[in-house]
1. Please report Rg (one decimal) and Dmax (integer) in Å for the Cα set of region 39-94.
2. If you average 1/r over all unlike Cα pairs in the chain and invert the result, what Kirkwood radius do you get in angstrom?
3. What are the ³J(HN,Hα) couplings of region 68-77, residue after residue, when phi is run through the Karplus curve with 6.51, -1.76, 1.60 and θ = phi - 60°? Round to Hz, x for glycine and proline.
4. What are the lysines whose alpha-carbon lies under 28 Å from the alpha-carbon of Lys15, with same-chain residues fewer than 8 places away excluded?
5. Just order 25-34, 61-70, 12-21 by mean Cβ neighbour count inside 10 Å, highest at the front, would you?
Amino acid sequence: ITSQNSKGPSRDWLKFIKSSSAKAKIKQFYKNELKEDNIRVGQAKLEDEAKKKGYALSDLLTEESFKRISDRFSFTAPEEMYAAVGYGSLTVNQ
């Protein structure tokens with residue numbers, strides 16, 4: 001059930017839904033429809049974590065370090081990594 005102001009299903013629904021296909025569809029919605037939001041959220045999470053450790057994200061995410069990350073997780077651009085962190089499929093500690 002959604003309201004007119006709602007962009008789609010609530011993430012809270014994932015706690016209550018039993019059907020794996022329904023869960024997959026909700027996850028797919030958040031992955032695709034809200035990609036720009038996920039990029040912003042993921043980048044903010046990574047920046048906050050870097051700041052806690054006394055660094056700027058730009059200092060840590062060099063071309064060489066992104067190459068190592070992309071080899072491990074198959075990202076083609078930093079935005080894909082940010083989206084994965086924002087979506088929750090990748091944590092800032094990974």
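1. Cα-based Rg and Dmax for region 39-94 come out at 10.4, 28 Å.
2. Computed over Cα pairs of the chain, the Kirkwood hydrodynamic radius comes out at 14.7 Å.
3. Couplings: 5, 5, 5, 5, 6, 10, 6, 8, 9, 8 Hz.
4. Partners within reach: Lys7, Lys23, Lys25, Lys27, Lys31, Lys35, Lys45.
5. Ranked from most to least packed, the peptides come out as 25-34, 61-70, 12-21.
Read-outs throughout are calculated quantities, based only on the coordinates presented, and are distinct from any laboratory measurement. It should be emphasised that the depicted structure is a prediction, and the values quoted were computed from it without experimental measurement. So basically every Cβ, Gly included, is an ideal-geometry build from the backbone, and we count neighbours across all protein chains shown.
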